[in-house]
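> Dropping the structure in here first, questions after.
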Amino acid sequence: MQTAVTRAGLLGAALTRPIDVAWLAAFRAVFGSLLAISMLRFVLYGWVERFFIAPRFHFKYWGFAWVEPLPGRWMQWLFVGLAVLAFAVAIGCAFRLSALLFAVGLSYVQLIDVTTYLNHYYLAALLAWLLALTPASRIWSIDAWLRSKRHKAQPAAQVPAGVLYLFRCQIALVYTFAGLAKLQSDWLVHAQPLRIWLGQNTHLPLVGPSFTASWVPLALSWAGFLFDATIACWLLLPRTRPFAYIVLIVFHLLTRVLFPIGMFPAIMIAAALVFFSPSWPRSLSRAWPRSYGRQPSELPIAPPASAVPESAAALGVATRARLPIALGIGYCIIQLALPLRHLYYGGNVLWHEQGMRFSWRVMVRAKGGDTTFIVRDPSRGHTFHISPRTYLTDTQESEMSSQPDLILQLAHHIQKDLSQRGLSSHAANVYVDSRVSLNGRRSRPLVDPTVDLAKVHDGLAPASWVLPAPEQSPPHTRPVL
């Protein structure tokens, strides 16, 4: 028992050991700048109108049906406000407040409609919350400059080592689970869906013609798998870290050229900086004439790890930090468990989608479908064939047609809408004819057409009304619908 207590104390001392805060200040500046640009892109490219204002119906996350978009043009102003908040985070202006409001606002935006879910914005929201809970404005910020102007004592330019480990753990999990998601035959044997996507880029100069060779998609599939599965390990090793980061930059730039994945490459390139030494930005800061009123050399930073004794004082600090340590460990456990929840459901998660979101399955499926809803009202003898376009935008329909839980949501909405308009009774039955192609396979029914979806309720239990995934191997062609 005493040994276990001692080990726990040493672990706590290691996590609370002070390190240079420079890495966190640099991350704050880069992350805030990227997210400010991202929020402005939503406004300038008309995405706020397309995704949040134009739709008459919004798909909800389970447990968040109460989240609704702001009325009218207030959504436009929300994104402008988020851009301002992200810029305030970048420069460290009223950091505690601006970072918290940005994290809340970014999370709210993502909860409005499931069809807008993207892995990199989910990651951005997680990083925004983590950043909001840190003292990232202690140096190189407007807040630090104002403190110096008021002649107040500057806080030590230190942060507990556990904060750095938490950020590293988050980014490592993203890459590792993205690699594990590719450990399956579609990706490694049949090079799908990469073969489909590369076939749509043969027009690119220099590299485009090579995509027609059968071995190129397979080679790139294996390269993508090996990169995602191992890059975190190479970044953690000091000797390989610089080379790994160069490979990371090249990899993400190539994916940006080949695929329309928005800000994801930039966010990942910036996020991977957390694997470098905590003091890496100081070589850049020394080139500045002053660091917001104070020379970098004047900032009190922590001694190197080898110089920090494992003393009773260190153990005492660790004891006082038990709650933050417990919360950090709990967060890591949740982030580890979420991508593994698909094991509870069994089957092919790319098909039934239960456990798909929040699992870092990046670019592992090409899925398209065609869906028609059939409403039968026995009491009135009426039958309606309804196209999803009656209720959805093109983007929403594309996402809904291949995701069973969204099909279920729309089925309930259709029954409710027809009942409110007096076109059917509350007891009307809603069936669906849904055919989906996965990674180039011939399309087949996704949802059991004999099940009345109006009587099915969404939840965490396995969806027995979703038909089994196709067993045949994907062909080396585009999907057939």
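Bear in mind these aren't lab numbers, they're just calculated from the coordinates by the rules spelled out. Worth saying up front: this structure is predicted, and the values here are computed from it rather than measured. Glycine also receives a Cβ, built like all others from the backbone with ideal geometry; neighbour counts cover every protein chain displayed.
> With everything on Cα atoms, drop me the angle between helix 404-420 and the longest principal axis of the chain, reported from 0 to 90° to the nearest 10.
So the inclination is approximately 60 degrees.
> Can you give the FRET efficiency to the nearest 0.05 for Asn201 and Ala54, using r as the Cβ-Cβ distance and R₀ = 25 Å?
In this case the efficiency is close to 0.30.
> Limiting things to C-alpha atoms, what are the Rg and the maximum Cα-Cα separation (Dmax) for segment 366-455, in angstroms?
My reading of the Cα-based Rg and Dmax gives 13.1, 42 Å.
> Same structure again: Mind checking the angle between helix 74-91 and the chain's longest principal axis? C-alpha axes, 0 to 90 degrees, to the nearest 10.
Value to nearest ten degrees: 20.
> How many lysine pairs in the chain, separated by 8 or more positions in sequence or lying on different chains, have Cα atoms less than 30 Å apart?
Lysine pairs meeting the criterion: 8.
> Which three extents, in whole angstrom, do the alpha-carbon atoms of segment 325-481 cover along their principal axes, largest first?
Result for segment 325-481: principal-axis Cα extents of 59, 45, 27 Å.
> Could you please state, rounded to a whole Å, how far the C-alpha centre of segment 234-256 is from the C-alpha centre of segment 404-425?
49
> Return one number: the angle in degrees, 0 to 90 and rounded to the nearest 10, between the long axis of the Cα atoms of helix 215-236 and the longest principal axis of the Cα atoms of the chain.
With rounding to tens, the tilt is 30 degrees.
> Name the residue from Val174, Phe275, Gln184 whose Cα lies farthest towards the positive end of the charge dipole of segment 2-339, charges +1 on Cβ of Lys and Arg and -1 on Cβ of Asp and Glu.
Comparing the listed Cα positions along the dipole, Phe275 ranks first.
> To the nearest 0.05, what FRET efficiency results for Leu253 and His382 with a Förster distance of 51 Å applied to their C-beta separation?
Efficiency at R0 = 51 Å is approximately 0.35.
> A further question on this structure: Taking the Cα-to-Cβ direction at Ala427 and at Tyr61 and moving 7 Å from each Cα, how far apart do the two end points lie in nm?
That separation, rounded to one decimal, is 3.8 nm.
> Taking neighbour Cβ counts within 10 Å as the exposure measure, how do Leu273, Leu188 sort from fewest upward?
By the 10 Å Cβ count, ascending: Leu188, Leu273.
> Using square roots of five times the C-alpha gyration tensor eigenvalues, list the equivalent-ellipsoid semi-axes of the chain in whole Å, biggest first.
45, 27, 23
> How many nm separate the modelled label positions at Thr450 and Ile37, each set 7 Å beyond the Cα in the direction of the Cβ?
It is 5.5 nm.
> Between Leu226 and Arg96, how high is the FRET efficiency from 1/(1 + (r/R0)^6) when r is the Cβ-Cβ distance and R₀ = 35 Å? Nearest 0.05.
After rounding to 0.05, the efficiency reads 0.30.
> Taking neighbour counts of Cβ atoms within 10 Å as a proxy for exposure, in what order, fewest first, do Thr240, Thr115 appear?
Fewest-to-most Cβ neighbours within 10 Å comes out as Thr240, Thr115.
> Then there is this: Counting pairwise Cα distances across segment 79-130, what percent come out greater than 17 angstrom?
Across segment 79-130, Cα pairs with separations above 17 Å total 31 percent.
> When Lys182, Lys367, Lys149, Lys455 are ordered from fewest to most other Cβ atoms inside 10 Å of their Cβ, what list results?
Fewest-to-most ranking of Lys182, Lys367, Lys149, Lys455: Lys149, Lys455, Lys367, Lys182.
> Which value, to two decimals, describes the C-alpha radius of gyration of segment 413-481 once divided by 2.2 N^0.38 Å?
Relative to the 2.2 N^0.38 Å estimate, segment 413-481 comes out at 1.44.
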